[in-house]
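Take a look at the structure set out below.
Bear in mind that the values in this text are calculations on the coordinates, not laboratory data. This one's a predicted model, so the numbers in the text were calculated from it and none came from an experiment. All Cβ positions, glycine included, derive from the backbone under ideal geometry; neighbour counts span all protein chains shown.
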2 protein chains.
Amino acid sequence: MANEKKLVEAITSMEDDFAQWYTDVVKKAELMGYSSVKGCMIFKPAGYAIWENIQKELDRRFKETGVENVYMPMFIPESLLEREKDHVEGFAPEVAWVTMGGLNKLQERLCVRPTSETLFCDFYKDEIQSYRDLPKIYNQWCSVVRWEKETRPFLRSREFLWQEGHTAHATAEEAEERTQQMLNVYADFCEEVLAIPVVRGRKTDKEKFAGAEATYTIEALMHDGKALQSGTSHNFGDGFAKAFGIQYTDRDNKLKYVHQTSWGMTTRLIGAVIMVHGDNSGLVLPPMIAPVQVEVVPIMQKKEGVLEKSYEIRSMLSNFRVKVDDSDKSPGWKRSEQEMRGIPLRVEIGPKDIEANQAIIARRDTGEKITVSIDELTETVAQLLETMQKEMLERARTHRDAHTSVALNYEEFKTAVEEKPGFIKAMWCGNQECEDKIKEETTATSRCMPFHQEQLSDVCVCCGKPAKTMVYWGKAY
Amino acid sequence: MANEKKLVEAITSMEDDFAQWYTDVVKKAELMGYSSVKGCMIFKPAGYAIWENIQKELDRRFKETGVENVYMPMFIPESLLEREKDHVEGFAPEVAWVTMGGLNKLQERLCVRPTSETLFCDFYKDEIQSYRDLPKIYNQWCSVVRWEKETRPFLRSREFLWQEGHTAHATAEEAEERTQQMLNVYADFCEEVLAIPVVRGRKTDKEKFAGAEATYTIEALMHDGKALQSGTSHNFGDGFAKAFGIQYTDRDNKLKYVHQTSWGMTTRLIGAVIMVHGDNSGLVLPPMIAPVQVEVVPIMQKKEGVLEKSYEIRSMLSNFRVKVDDSDKSPGWKRSEQEMRGIPLRVEIGPKDIEANQAIIARRDTGEKITVSIDELTETVAQLLETMQKEMLERARTHRDAHTSVALNYEEFKTAVEEKPGFIKAMWCGNQECEDKIKEETTATSRCMPFHQEQLSDVCVCCGKPAKTMVYWGKAY
């Protein structure tokens, strides 16, 4: 019974130790495993299936905006990585280098891509000649490598899965429009699909992407009050185009540089789902990305007719992702497993239910149990999944709002960091010195300058000089 | 008009130079591009979209047989790769080695996976304890690296995309069953989806996978008479399990080794589609995997109502993958482009057609043109796509059969290799010396020992000693 124990053993409660709770959930819901390659993780079926559902829905939304998928090599020659000054400074210290091919030393080192701006630029320089070749709206799904020192499952690992979009446009306006469009695709996806509310905004210069003119971000708040950057979209202007010589002949017959963007989302989203929705019984998955949406648990399954009825219910519910747990574990174990794995609905059916032509549905998020007639089961399941998806977002938003405070001066700011885990809204003068000071003294970082600005006061929360912008601050993963 | 010329320039005819024809098609249909990383290719949108369709359909078929997807790290520590003797001998000479992480030299070299048997074994050794943990039927979609010296687009490149299935079973029988089951999934997929007929069989010991007890293969015949190994499925017996210590406690409370399989298909399938179906006008795509199945070409599109009608037709055909070419190129260019890209059906609509409530459909494979009433367009398109899919398979099978000869003695064999490009069926004694001799003297290799055996004669085609089995031989890619 080794398998069963593993799942039902109590996990650390999130109030006692959030980090340990997270690790427990990740392991006991069998989302990932450690590998013998330090800092690299194994996506087990339950973890990878969530990623597949994220991919499917995100890819569909991309394609609706005209995105085409491509695949670039995983290697970048050192000379190519070095072409754009800021970019190489940002990434060179944390890449893995291939120096041998087969039995021979390579003439030039190749890094395993940490991101593929340089490869796309090298490609676009040949592909783009005329205004007729624009825009290019390309994306790839792949894995990237960053040689991180500290790693945590899904949140930070040496290899992770992501998508990276790379576009080239004729004008600065069009590039800016695409940068914001993709940020909004990300934000809508998080809210509508992952049930995670996000703040949309712009990164400060200190926090922006290496080589970008502007980085936009969506920031989500985890259950412990820490922020998680959940997706970014960068406008490169013509900086990369100049470094790589990507020019096109415009309608007026003049040679012009293209304007570029890139944008990415990663498997870290799985970490966000865990930390926003999970509870002390384990994972809670939003129905839209749950690999199994409904689990049927037969009660007294050895009694005649119970398993048959369970399979019949599975057929009735075939429009959903449904599974029958017909293993020889006890119903109690099965319930705990279903809860640990975050399966949205559990349908229990036993001899007495069959007699009464009914079943019991339990909601994973609220624990609520409802007895329904079998005749209304399909409709009720559809309604409950929809309600659950909606209420999970509402609860997360309520939590986020309850954990967002305002600081008008530095004392309030420091108190908030100490005593109210969450976002802190505060005004900022725009100088990096204040940003550095706040980070050093409080460990809170600027998360973003939200698009939706509020005039909280006239002065910087740190130095007291005239304020330029409101910033969301917070401790971050 | 640089864009247009590029596509409509004549390509080398396949009768003149098949290799050059292939390269021309790959480039002019814009399937791939060369990258600045030697031996690594770029999948452009038209090429990657074919792979996406292959993935979607193959993944669906996998899951129907109980396969679950996972994702393993892309790196393998050198000591792990070395654990199984035959395996490391097969792969070590052709892997890329990572020796630096960030600014530091690694304590142990990591190779970029050429295949992931060792990683799965290392994982299974911890995951599998009891008979209740079996079977494991896992698969991953990823890219792998093999440091090849000679490369050709899709057929052989240093990095390629594939899926690799890795399973673990309680018994030898179950492993053998899974090995054959997956080979049949591959074969059915090739025939039903890619319209490519294949020979199913077993590899000789000389040609089997490094570390396998038995390798099964599907072999397809290209238009030039060369064979292409299109998918393989390996039974490892308990060899890897013993090397890695993968044991489970069985129902009888005894510790036993698991039995394992692996199976893979790659982006080389795109090369097979090109070389089986293409013609001197370019690519011909089977409807089931064509990224665009129907292209609408407006005639005299500046005339009032023509573009509107084209879009209306697109809406009518929205159950298919349909596109309107409303660019300012001439209808002639558009036709050539549609042919080069292998789009199965072209629907032409001009002012006169609109007046007559009709459109003209052209089939890419036969060139046949049909005038149909707009009212019957949807139904006709559905029928034509189905017919085309079926007839493409039939034509490929006819070609394959016409290029399969029988050799009863070594003279006949040598003549066949010289004069009849294609498969040669001939008897074999089972000794590797004959296989080596045939390869050395004729360049033909044993493709497989087909499941469907015929008793062509009693003696080996090479040495004249008693024959054990019939073999398909051929020159191969």
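Which value, in debye to the nearest 20, describes the size of the charge dipole of the protein assembly as shown about its Cα centre when Lys and Arg Cβ atoms bear +1, Asp and Glu Cβ atoms bear -1, and nothing else is charged? Don't skip to the answer; put the middle values down first.
Details: 126 positive and 152 negative charges, 224 e Å.
That gives a dipole near 1080 debye.
If we count other beta carbons within 10 Å of each Cβ, what is the order of B:Asp24, B:Asp126, fewest first?
Values: B:Asp24 21, B:Asp126 11.
In order of increasing Cβ crowding within 10 Å: B:Asp126, B:Asp24.
Put a point 7 Å out from Cα along the line to Cβ at B:Glu64; what are the distances to that point in the other copies, in nm, shortest first?
Result, one decimal in nm: 3.0.
From the label point of A:Phe451, set 7 Å along Cα to the beta carbon, how far off in nm is each other copy's matching point, shortest first?
Ordered by increasing distance: 5.6 nm.
Going by how many other beta carbons lie within 10 Å of each one, how would you line up B:Lys334, B:Lys439, B:Lys136, fewest first? It would help to have the intermediate numbers written out before the result.
Numbers: B:Lys334 24, B:Lys439 14, B:Lys136 20.
Ordered by Cβ neighbours within 10 Å, fewest first: B:Lys439, B:Lys136, B:Lys334.
With a 10 Å Cβ neighbour count serving as the proxy for reagent exposure, in which order, fewest first, do B:Ile343, B:Ile289 appear?
Values: B:Ile343 26, B:Ile289 22.
Fewest-to-most Cβ neighbours within 10 Å comes out as B:Ile289, B:Ile343.
Using the Cα atoms as the points, what is the convex hull volume per residue of the protein assembly as shown in Å³?
Working: hull volume 186.4 nm³, N = 954.
Dividing the Cα hull volume of the protein assembly as shown by its residue count gives 195 Å³.
If we hang a label 7 Å off Cα along the beta carbon direction at A:Glu150, how far is it from the matching labels on the other copies, in nm, shortest first?
Once sorted, the set of distances for A:Glu150 reads 5.3 nm.
Give me the distance between the Cα centres of segment A:396-436 and segment A:333-382, rounded to whole Å.
Segment A:396-436 and segment A:333-382 have Cα centres spaced 43 Å from each other.
Taking only the alpha-carbon atoms of segment A:375-474, what semi-axes of the equivalent ellipsoid follow from 5 times the gyration tensor eigenvalues under a square root, in whole Å, largest first?
On the way: eigenvalues 298, 35, 21 Å².
For segment A:375-474, the semi-axes come out at 39, 13, 10 Å.
Largest first and to the nearest Å, give the Cα extent of chain B along each principal axis.
Here the Cα extents, ordered largest to smallest, are 80, 59, 47 Å.
Grab the eigenvalues of the alpha-carbon gyration tensor for segment A:146-222, scale each by 5, take roots, and send me the semi-axes largest first in whole angstrom. Before the final figure, lay out each step's value.
Working: eigenvalues 110, 66, 33 Å².
Equivalent-ellipsoid dimensions as semi-axes: 23, 18, 13 Å.
Seen from all sides and averaged, what is the projected area of the convex hull of the Cα atoms in segment B:12-277, in nm²? Before the final figure, lay out each step's value.
Values: hull surface 61.1 nm².
Averaging across all directions leaves 15.3 nm² for the Cα convex hull.
Roughly how big is chain A's charge dipole about its Cα centre, with Cβ charges of +1 (Lys, Arg) and -1 (Asp, Glu), in debye to the nearest 20?
Its charge dipole is roughly 740 debye.
I need the P(r) histogram for segment B:292-384: all alpha carbon pairs, bin width 10 Å from 0 out to the longest distance, whole percents.
17, 57, 25, 0
Under 27 Å Cα-Cα from B:Lys303, which lysines qualify once same-chain neighbours fewer than 8 residues away are excluded?
Within the straight-line limit of under 27 Å, B:Lys303 reaches these lysines: B:Lys5, B:Lys323, B:Lys329, B:Lys334, B:Lys352, B:Lys369.
Pairs B:Lys208/B:Lys242; B:Lys149/B:Lys203; A:Lys439/A:Lys468; A:Lys38/A:Lys63; B:Lys105/B:Lys256: which exceed 30 Å Cα-Cα? Before the final figure, lay out the partial values.
Working: B:Lys208/B:Lys242 20 Å; B:Lys149/B:Lys203 24 Å; A:Lys439/A:Lys468 19 Å; A:Lys38/A:Lys63 36 Å; B:Lys105/B:Lys256 40 Å.
Over 30 Å Cα-Cα: A:Lys38/A:Lys63; B:Lys105/B:Lys256.
Which log10 I(q)/I(0) values does segment B:1-91 give at q = 0.13 Å⁻¹ under the Debye formula, counting every alpha carbon as one identical point scatterer?
-0.81
Given segment A:197-342 reduced to its alpha-carbon atoms as identical point scatterers, what log10 I(q)/I(0) does the Debye formula return at q = 0.18 Å⁻¹?
-1.05
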